[in-house]
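Visitor: If you scroll down you'll find the structure; I have some questions about it.
The values are calculated or read from the model by the stated rules, or taken from the named source; none is laboratory data. Every value quoted in this text rests on a predicted model; they were computed, and no experiment measured them. Glycine also receives a Cβ, built like all others from the backbone with ideal geometry; neighbour counts cover every protein chain displayed.
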Amino acid sequence: MAAFNHHLETRDPAEREADLFTSLASVIDAAREQPGWAGRLEGVDSAAIIDRATLATLPVLRKSDLPALHAASLPFGGLLAPPSPIYSRLFASPGPIFEPEVAGRDAWRSARALYAAGFREGEIVLNTFSYHLTPGGFIFDSGANALGCPVIPAGPGNTETQLQIIEAYRPAGYTGTPDFLKILLDAAQEKGADISSIKKAVVSGAAFPPSLQKELAQRGVDGFQAYATAECGVVAYESSAREGLIINEGLIIEIVRPGTGDPVPEGEVGEVLVTALDPLHPIIRLALGDLSAILPGISPCGRTNQRIKGWMGRADQTTKVKGMFIRPEQLAEIAKVHPDIRKLRLVVTRANETDAMTLKAETPITDPSEAEALVGALATTLHNVTKVKGTIELLAPDTLPNDGKVIADERSYT
């Protein structure tokens with residue numbers, strides 16, 4: 001059995017770098033055909049963008065700006081060609097951010113991540129990423145199919161039904177958030193269900209701290225991380241070496257000082273920028289809002305691309321809870337629904353290896369029955385807006401710090 005999914009994974013790093021920047025000029029030219037990119041790249045000589053130093057002269061596009069850009073020019077903000085047969089699926093992620101899937105095999109570059117985790121042709125995959133409007137489910141579904149793996153399109157939730165399906169189909173692998181995999185294992189243990197066929201997993205959408213990785217391994221599941229986004233698919237993935245995440249082929253990753261486009265020295269923590277070399281879906285210096293750092297050298301597994309340390313937090317207040325992005329704009333939306341609220345702060349923590357969040361709300365209401373009703377209404381609005389459940393804590397006015405922070409991520413992954 002081949003150790004690698006494709007020979008590109010082991011080519012000389014200098015050869016890869018040259019190939020990336022040889023392809024970049026045509027991607028810039030393709031992007032400029034769309035009005036959204038034409039203005040951003042006005043005056044740029046694509047033939048002059050020949051290395052990372054010249055790439056760093058191009059403007060940064062922030063993922064946090066995409067909802068406003070898309071709203072101003074539906075559906076893709078003028079950055080991509082309008083819907084046509086070049087796309088196989090059309091998505092709407094929270095924000096909203098509108099995203100197409102380019103037609104073709106493994107359009108999201110996930111097959112390499114699955115292969116590096118040990119997924120092989122003929123093995124059944126339980127895919128618990130959502131198939132509803134967001135691309136998560138299809139990102140890993142398409143990669144599994146490209147490897148010749150039948151997929152159970154389970155999506156998240158419905159734990160008891162999933163246990164029955166696992167016992168019937170006996171999948172060898174799992175794809176989904178690490179938290180939901182733990183929920184399945186706990187439920188199977190409680191109910192006496194046999195889901196021991198699952199021996200490996202590719203997890204994404206939430207942090208995968210060493211403590212949880214160790215627990216899963218002790219329970220017979222070898223878990224591997226994948227760093228993926230709705231815009232570019234799998235950006236980087238873990239291999240058996242367990243030393244950082246290997247950057248996917250066809251992507252240029254830069255680590256820059258947060259809030260700027262200025263690259264930082266190797267090893268320094270900064271914000272992740274992605275350039276994707278697909279003329280049908282051009283992405284040029286997209287700032288994802290995530291923090292990471294480039295690791296020196298190459299992976300002991302033999303793959304020669306650069307590596308990042310993995311997800312190291314957010315460069316802004318946007319955070320991810322149970323696989324869903326939570327943005328400050330959503331907190332403002334919640335406040336508009338409830339005029340009795342003076343100030344909000346969402347506190348994100350982890351309990352029993354699972355993400356949890358508490359919405360702290362200042363209000364002048366003191367009547368117990370009115371406060372109880374407000375708690376229930378806030379809980380409903382929080383779930384409707386963010387698609388994630390959380391607890392509510394009411395506070396007296398002027399209790400929260402006056403520091404402008406509306407999302408406080410207090411999770412620890414040590």
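Visitor: Give me the pairs, please: first residue somewhere in the stretch 167-178 and in the same structural domain as residue 145 (by TED's automatic domain parsing) and modelled with pLDDT under 95, second residue anywhere and β-branched (Val, Ile, Thr) and not in a strand (DSSP E or B), beta-carbon distance under 6 Å, and either six or more positions apart or on two chains.
Guide: Once the first residue is in the same structural domain as residue 145 (by TED's automatic domain parsing) and modelled with pLDDT under 95 and sits in the stretch 167-178, no partner that is β-branched (Val, Ile, Thr) and not in a strand (DSSP E or B) comes close enough.
Visitor: Pick from 323, 233: which is touching a helix residue (DSSP H, G or I) at 6+ places or on another chain (Cβ under 8 Å), crowded, with 21+ Cβ neighbours inside 10 Å and within 19 Å of residue 16 (Cβ to Cβ)?
Guide: Only one candidate qualifies: 233.
Visitor: Determine, yes or no, whether residue 133 is under 19 Å from the mean Cα position of the chain (by Cα) and either farther than 23 Å from residue 240 by Cβ or assigned by TED's automatic domain parsing to the domain that holds residue 277 (or both).
Guide: Judged against the criteria, residue 133 is a match.
Visitor: On to the next question. Residues of the stretch 1-20 being in contact (Cβ under 8 Å) with a residue 40 or more places away in the chain and either more than 22 Å from residue 117 (Cβ to Cβ) or of a type outside the set (Phe, Trp, Tyr) (or both), which ones?
Guide: Those that are in contact (Cβ under 8 Å) with a residue 40 or more places away in the chain and either more than 22 Å from residue 117 (Cβ to Cβ) or of a type outside the set (Phe, Trp, Tyr) (or both): 1, 3, 5, 6, 8, 9, 10, 11, 12, 13, 16, 20.
Visitor: Another question, then. For the stretch 251-272, indicate whether the set of residues that are surrounded by 22 or more Cβ atoms within 10 Å (Cβ to Cβ), in a strand (DSSP E or B) and of a type in the set (Asp, Glu) is non-empty.
Guide: Scanning the stretch 251-272 turns up at least one residue that is surrounded by 22 or more Cβ atoms within 10 Å (Cβ to Cβ), in a strand (DSSP E or B) and of a type in the set (Asp, Glu).
Visitor: Where residues in the stretch 95-143 are in a loop (DSSP other than H, G, I, E, B) and charged (D, E, K, R), which of them is nearest to residue 159 (Cα to Cα)?
Guide: 123
Visitor: Still on this structure, I have one more. If you check residue 68 against the conditions, is it surrounded by fewer than 19 Cβ atoms within 10 Å (Cβ to Cβ) and under 30 Å from residue 260 (Cβ atoms)?
Guide: yes
Visitor: For residues in the stretch 320-354 being touching a Phe, Trp or Tyr at 6+ places or on another chain (Cβ under 9 Å) and in a loop (DSSP other than H, G, I, E, B), which is nearest to residue 211 (Cα to Cα)?
Guide: Going through the qualifying residues, I end up with 322.
Visitor: Could you list, ordered by first residue, the pairs with Cβ atoms under 8 Å in which the first is in the stretch 313-335 and closer than 16 Å to residue 130 by Cα and the second is among the aromatic types (Phe, Trp, Tyr), at least 6 apart or interchain?
Guide: Listed by first residue and then by second, the contacts come to 323/129.
Visitor: Sticking with this one: Name the residue, out of 410, 362, 353, that is charged (D, E, K, R) and more than 26 Å from residue 157 (Cα to Cα).
Guide: Sole residue among the options that is charged (D, E, K, R) and more than 26 Å from residue 157 (Cα to Cα): 362.
Visitor: Suppose the filter is surrounded by fewer than 17 Cβ atoms within 10 Å (Cβ to Cβ) and either more than 26 Å from residue 55 (Cβ to Cβ) or modelled with pLDDT under 90 (or both); does residue 328 pass it?
Guide: Taking the combined requirement at face value, the residue does not satisfy it.
Visitor: Whether any residue in the stretch 241-256 is within 27 Å of residue 388 (Cβ to Cβ) and touching a residue at least 60 places away in the same chain (Cβ under 8 Å) is what I want to check.
Guide: Yes, the stretch 241-256 has at least one match.
Visitor: If you don't mind, there's one more thing I want to ask. With 158, 145 as the choices, which residue is within 30 Å of residue 275 (Cβ to Cβ), out of contact with any Cys (no Cβ under 8 Å at 6 or more places or on another chain) and surrounded by fewer than 19 Cβ atoms within 10 Å (Cβ to Cβ)?
Guide: 145
Visitor: Here's something else I'd like to know. Among (1) outside the structural domain of residue 151 (by TED's automatic domain parsing); (2) at negative phi, where does residue 119 come up short?
Guide: (1)
Visitor: Can I ask one more? Within the stretch 79-96, restricting attention to residues that are small (Gly, Ala, Ser) and in contact with a Ser or Thr (Cβ under 8 Å, 6 or more places away or on another chain), which residue is surrounded by the most Cβ atoms within 10 Å (Cβ to Cβ)?
Guide: 93
Visitor: Looking at the stretch 149-178, which of its residues are among the small types (Gly, Ala, Ser) and either part of a strand (DSSP E or B) or under 24 Å from the mean Cα position of the chain (by Cα) (or both)?
Guide: 154, 155, 157, 172, 173, 176
Visitor: While we're looking at this one, here's another question. Which one of these does residue 338 not meet: (1) buried (at least 16 other Cβ atoms within 10 Å of the Cβ); (2) in contact with a strand residue (DSSP E or B) (Cβ under 9 Å, 6 or more places away or on another chain)?
Guide: Result: residue 338 passes all but (1).
Visitor: Using beta carbons and a limit of 8 Å, which pairs, at least six apart or on different chains, have the first residue in the stretch 131-153 and at positive phi and the second one outside any helix (DSSP H, G or I) and surrounded by fewer than 23 Cβ atoms within 10 Å (Cβ to Cβ)?
Guide: Once the first residue is at positive phi and sits in the stretch 131-153, its partners that are outside any helix (DSSP H, G or I) and surrounded by fewer than 23 Cβ atoms within 10 Å (Cβ to Cβ) give 133/91; 133/92; 133/93; 148/121; 148/122.
Visitor: Given (1) closer than 24 Å to residue 3 by Cβ; (2) surrounded by 23 or more Cβ atoms within 10 Å (Cβ to Cβ); (3) among the hydrophobic types (A, V, I, L, M, F, W, C), where does residue 166 come up short, assuming only one miss?
Guide: (1)
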